[in-house]
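Below: one structure, written as structure tokens.
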Amino acid sequence: VDAFQAWCGPCKTVVDLFRKIRNEVGSDLLHFAVAEVDAIDALGKHRGNCEPVFLFYAGGELVAVVRGANAPLLQKTILEQL
């Protein structure tokens, strides 16, 4: 989940990376979403940050967090979690 604030917008710089990885591993294993933290109370702790936050869930539980648009770290985290 790409957690963002309306004034900053979702992190578009990693969309291509997400598409590439999803094409490689298949859409059955990997799903991406964006969430505006101002509109979702459960994400309130992420408000006020100007960096994107990527939240990784498995089985309904938060399993990893990556702060910032660090493409190599995002790719590593995605592949590790799969």
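A few points about this structure:
- For first residues located in the stretch 37-60 and among the basic types (K, R), partners that are open to solvent by less than 50 Å² (accessible area, probe 1.4 Å) and lie 6+ apart or on another chain with Cβ distances below 6 Å form the pairs R47/V37.
- Taken over the stretch 28-42, the criterion of being among the hydrophobic types (A, V, I, L, M, F, W, C) and closer than 13 Å to A6 by Cα is satisfied by V34, A35, V37, A39, I40.
- Close Cβ contacts (under 6 Å, 6 or more residues apart or on different chains) running from residues in the stretch 65-78 that are within 14 Å of T13 (Cα to Cα) and free of Cβ contacts under 8 Å to residues at least 60 places away in the same chain to residues that are loosely packed, with under 15 Cβ neighbours inside 10 Å and not polar (S, T, N, Q) comprise R67/E51; G68/E51.
- Scanning the stretch 49-77 for residues that are in a strand (DSSP E or B) and either open to solvent by less than 50 Å² (accessible area, probe 1.4 Å) or not hydroxyl-bearing (S, T, Y) (or both) yields V53, F54, L55, F56, A58, E61, L62, V63, A64, V65, V66, R67.
The values are calculated or read from the model by the stated rules, or taken from the named source; none is laboratory data. Quick caveat, the model's predicted, so the values are computed rather than measured. We place every Cβ from the backbone using ideal geometry, glycine too, and count neighbours over all the protein chains shown. Side chains are part of the model used for accessible areas, which takes the heavy atoms of the whole protein and leaves out ligands, DNA and RNA. Shrake-Rupley method; radii C 1.70, N 1.55, O 1.52, S 1.80 Å.
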